[in-house]
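A.B. asks: Right, I'll just put the structure down here and ask away after.
Each reported figure results from applying straightforward, stated rules to the coordinates on display, with no laboratory input. This structure is a prediction, so every number in the text was calculated from the model and none was measured. Here Cβ is always computed from backbone atoms with ideal geometry, including for glycine, and neighbour counts include all displayed protein chains.
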């Protein structure tokens, strides 16, 4: 996926995941989490679905 979608900021995506999973921050602000997810996740999802569709054809 990284090789195909080189324009995505994979380091930020995995860093965000690490913060959520490992709780690197003292207390996670759910409002910020919701803002990030509702702002960036829909576009990322569409891009990844398009890539997967092209791979499977």
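A.B. asks: Mind giving me the nanometre distance, one decimal, between the label points for residue 17 and residue 35, set 7 Å out from Cα along Cα→Cβ?
C.D. replies: 2.4
A.B. asks: With labels modelled as points extended 7 Å from the Cα through the Cβ direction, what inter-label distance (nm, one decimal) is found for residue 28 paired with residue 44?
C.D. replies: Calculated label separation equals 1.3 nm.
A.B. asks: Would you please calculate the Kirkwood hydrodynamic radius of the chain over all C-alpha pairs and express it in Å, rounded to one decimal?
C.D. replies: 12.8
A.B. asks: How much length is gained on full extension from residue 54 to residue 9, taking 0.36 nm per residue of separation minus their Cα-Cα distance?
C.D. replies: 14.1 nm
A.B. asks: Under the rule of -39500 (n - 2.57) per DSSP H run of 4 or more residues, summed and divided by the residues of the chain, what mean residue ellipticity at 222 nm is obtained, to the nearest 500 deg cm²/dmol?
C.D. replies: -24000 deg cm²/dmol
A.B. asks: Another question, if that's okay. Using only Cα atoms, tell me the angle between helix 10-22 and the longest principal axis of the chain; keep it within 0 to 90° and round to the nearest 10.
C.D. replies: Around 40 degrees separate the two axes.
A.B. asks: Taking the 0 to 90 degree range and rounding to the nearest ten, how far is the long axis of helix 30-56 tilted relative to the main principal axis of the chain, both from C-alpha atoms?
C.D. replies: 20
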